[in-house]
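The values are calculated or read from the model by the stated rules, or taken from the named source; none is laboratory data. Since the model is a prediction, treat every value here as computed from it, not as a measurement. Backbone-built Cβ (ideal geometry, glycine too); neighbour counts: all protein chains shown. Please note that ligands, DNA and RNA were not included when accessible areas were found on the heavy atoms of the full protein model with its side chains. Shrake-Rupley method; radii C 1.70, N 1.55, O 1.52, S 1.80 Å.
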Amino acid sequence: MRSRRLLVESLRERAAMAESAAALRAEHTAHEAREALAREMHDVLGHRLSLLSVHAGALAFHRDAPAEETARAAEVVRENAHRALQDLREVIGVLRAPVGELPLPGITDVGELLEETRRTGTAVVLHDGPGVTTGEHPVPETAGRTAYRLVQEALTNARTYAPGAPVTVTVTGGAGDGLVVEVANPAPARPARADRPAAGQGLRGLAERATLVGGRLDHGPTPDGGWRTGMRLPWPS
């Protein structure tokens, strides 16, 4: 009877411990999901809203601009406000869609991203020796998506903290050697707005993304007073 009682108590303790462990795992999973969603929200909406800010600021500053320029800037604001809503729906859809069902941008979407940036008046030059952004040499899907987010965040930061400065995007590497993506800009042509948001959150998110796929992020000022953001990602042979 005593042995049976001890066995029952032991089983009850094990059941309680298993329940606590399951609750901790569920909480950890929910926390990771929230962090992933926060990164996507920051990357996607930060890019769109920075475009809106640039053109809305131009409309406010150049009140005597020709009607054609004003209409063009207003159209960009309208278009990106619409796209921001679409992006928001897609990001929130991650919470509802089964894994792998929702299409996410990859390295081959960088060309469209750069073209969109050029339409806002920012000069962007792409150096892609391996032809990665054209899909000529496919890279792992996760690495390609991480590289896309790097370019997106770096362009957003350049518009925010170095307005008017040209941006250079460089892609190097190969299968077996790793994928290296670098985005750099010289010193800004004009001072950044005083009400610009505090820096750091986007770079922390990029560092987390790089670590998750086995890569690394480095960034910092350049000798000419500009800024450089680079990322090295694994690219198996």
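Ranked from largest to smallest solvent-accessible area, with a 1.4 Å probe on the protein heavy atoms, Val171, Val180 come out as Val180, Val171. Using a simple spin-label model with pseudo-atoms 7 Å out from Cα toward Cβ, Thr134 and Glu208 lie 3.6 nm apart. Note on Arg25 and Arg4: with the Förster distance fixed at 35 Å, the Cβ-Cβ geometry gives a FRET efficiency of about 0.65. Here each label is just a point 7 Å from Cα along the line to Cβ, and for Ala18 and Ser237 those points are 4.8 nm apart.
The peptide list 6-14, 133-141, put in order of mean Cβ contacts within 10 Å with the highest first, becomes 133-141, 6-14.
With contacts defined as alpha carbon pairs under 8 Å and 6 or more residues apart, what's the relative contact order of the stretch 119-189 in percent? Rounded, it is 38 percent for the stretch 119-189. Here the Karplus curve 6.51 cos²θ - 1.76 cosθ + 1.60, taken at θ = phi - 60°, turns the phi angles of the stretch 11-19 into couplings of 5, 5, 5, 5, 5, 5, 5, 5, 5 Hz, with x standing for Gly and Pro.
Extending 7 Å from Cα along the Cβ direction at Ala67 and again at Asp218 yields two label points whose distance is 5.5 nm. Remark on Gly178: its backbone amide H falls under 5 Å from those of Trp235, a criterion applied only to residues 5 or more positions apart or on other chains, H modelled at 1.01 Å from N.
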